[in-house]
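Since every read-out is calculated from the coordinates, none of them should be taken as a lab result. Everything numeric here is computed off the predicted structure, so don't read it as measured data. Please note: Cβ atoms are built from the backbone with ideal geometry, for glycine as well, and neighbour counts cover all protein chains shown.
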Amino acid sequence: MSKGTPDWLIEADLFAASILGGGAVWYFRSQDDWYWTVLTAGGAFLLFCLAMYLRHRRSSRNRRHADRLSGFLVEAGQLRGRLNETPLPVADHDEWVDRVQKYLRDHLGKAYERKLSDFSGMTFHGDGSERFMMSKSLDG
């Protein structure tokens, strides 16, 4: 599982870019040292570009996760529409649960997988039938 770039690293990068861009550039400019003025301005610009790239990469990854998770919800809705079938599509349901759990474990971490599958101590009200239990599983 890839955790991505931590927030503190992006924030530290932006902090360094602001120190270079806001402080060092104006200091060297006030000393009429154009070489260091241009060099620190270029460094600040490169650090800023790095921070924006890291934020964009994290945003793209989050968007991919959201798209995939919404796909799982669409599949759950389709399975919900099949609750009146006889026999119940239990194999399709179990396959869906396995795919969701694998995705959550591999891409978001074990804690998310556990939140999906851990119903310990919960009491579901209903008729206790297989149809009802499958409906509750799809609802989350």
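Here the mean projected area of the convex hull built on the C-alpha positions of the stretch 10-111 is 8.4 nm². At a Förster distance of 22 Å, what's the computed FRET efficiency of K102 paired with E75, Cβ-Cβ distance as r, to 0.05? Working from the Cβ atoms, E equals 0.95.
The fraction of Cα-Cα pairs per 10 angstrom bin, counted from 0 for the stretch 1-60, comes to 25, 41, 22, 10, 2, 0 percent, rounded to whole percents.
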